[in-house]
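First comes the structure, then the notes that go with it.
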Amino acid sequence: MKYTAISYLLWALLFTNSIFAQEIEESTNSIYASIVQAKSEYEFALENEASSYYLQQLSYNVAALNQNYGNYDEAFKYHKKRLDHILADTTLNYNIKASAYNNLGSVELVRGNYVESEYYLNSVNLFHPEIVDSQKNFIILNYSSLYLAKDLPHKAKEAIDTVYDEMVEQFKNEELMLTDLRAAKLEIEFVLEPTELKLSELENLIRKMISLIGEETPFAEQNMKRLEELKEQLPD
């Protein structure tokens, strides 16, 4: 199965800078302009030799906006820059490093690079004392997506079920993230048991996300294409 990413596109947006993630959700109609601004801020800070901590925050902002918009190659580029800034400063909290590896695993997954995705996800020590539970949840969600991409839907469902209820509560005030989470679970359930009802519910969730992110975006194009692929799995 070729994974083209209905869900798990947005996990990179949180838990490095949750305030910025909220701003993304509130300004999706001008996201392209936000990308230009975020990139300019990063380049200015880089030229002025800002601290590694500040640079990793700014490069994250550029990457997250690009990933939300659907520019996955640019998202990878800036997620990688962020990791380089983090590795250059040994004083940073391990949870920040875990976030960077998880972000890279996420974007490599939607780019179809499953081996590389697994490498980055496996680079995280889930038992490190500095890693927070919320970060673990995002990593487990990405593992779930990876299992689905590798045609292991039962393992994907087992993974997402371990964190789903907690994440629903976490996202109760964040419409975009909550919708994406529900779409993630429903896509797995559809793959396990394809029905027209599940596909219709999934399409409604996807159209809701598209209305929040933008009609004329790579995100919209890729996910409508994914819906067409899923329709082919319906029984005759």
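Restricting the first member to segment 180-207 and to residues that are among the hydroxyl-bearing types (Ser, Thr, Tyr), and the second to residues that are open to solvent by less than 50 Å² (accessible area, probe 1.4 Å), the beta-carbon pairs closer than 8 Å and six or more apart or on different chains are Thr195/Leu234.
Screening Glu175, Glu228, Glu232 for residues that are closer than 30 Å to Val132 by Cα and either modelled with pLDDT under 95 or β-branched (Val, Ile, Thr) (or both) leaves exactly one candidate, Glu175. Scanning segment 168-194 for residues that are under 17 Å from Gln233 (Cβ atoms) and out of contact with any helix residue (DSSP H, G or I) (no Cβ under 9 Å at 6 or more places or on another chain) yields a single hit, Glu193. Residues that are free of Cβ contacts under 8 Å to residues at least 40 places away in the same chain, open to solvent by 50 Å² or more (accessible area, probe 1.4 Å) and not basic (Lys, Arg) were ranked within segment 129-152; the one that is nearest to Gln170 (Cα to Cα) is Asp133. Taking the criterion of being in a loop (DSSP other than H, G, I, E, B) and within 22 Å of Lys80 (Cβ to Cβ), would at least one residue in segment 148-155 satisfy it? No, the conditions are met nowhere in segment 148-155. The set of residues from segment 214-236 being more than 20 Å from Ala33 (Cα to Cα), assigned to a loop (DSSP other than H, G, I, E, B) and of a type outside the set (A, V, I, L, M) comprises Glu232, Gln233, Pro235, Asp236. When we screen Lys97, Lys155, Lys77, Lys81 for residues that are open to solvent by 30 Å² or more (accessible area, probe 1.4 Å), within 22 Å of Ala183 (Cα to Cα) and touching a helix residue (DSSP H, G or I) at 6+ places or on another chain (Cβ under 8 Å), the only hit is Lys155.
The values are calculated or read from the model by the stated rules, or taken from the named source; none is laboratory data. What you are looking at is a predicted structure, and each value in this text was computed from that prediction instead of being measured. Every residue, glycine as well, gets a Cβ built from its backbone with ideal geometry; the counts of neighbours run over all protein chains shown. Accessible surface areas use protein heavy atoms only, side chains included; no ligands, DNA or RNA. Shrake-Rupley method; radii C 1.70, N 1.55, O 1.52, S 1.80 Å.
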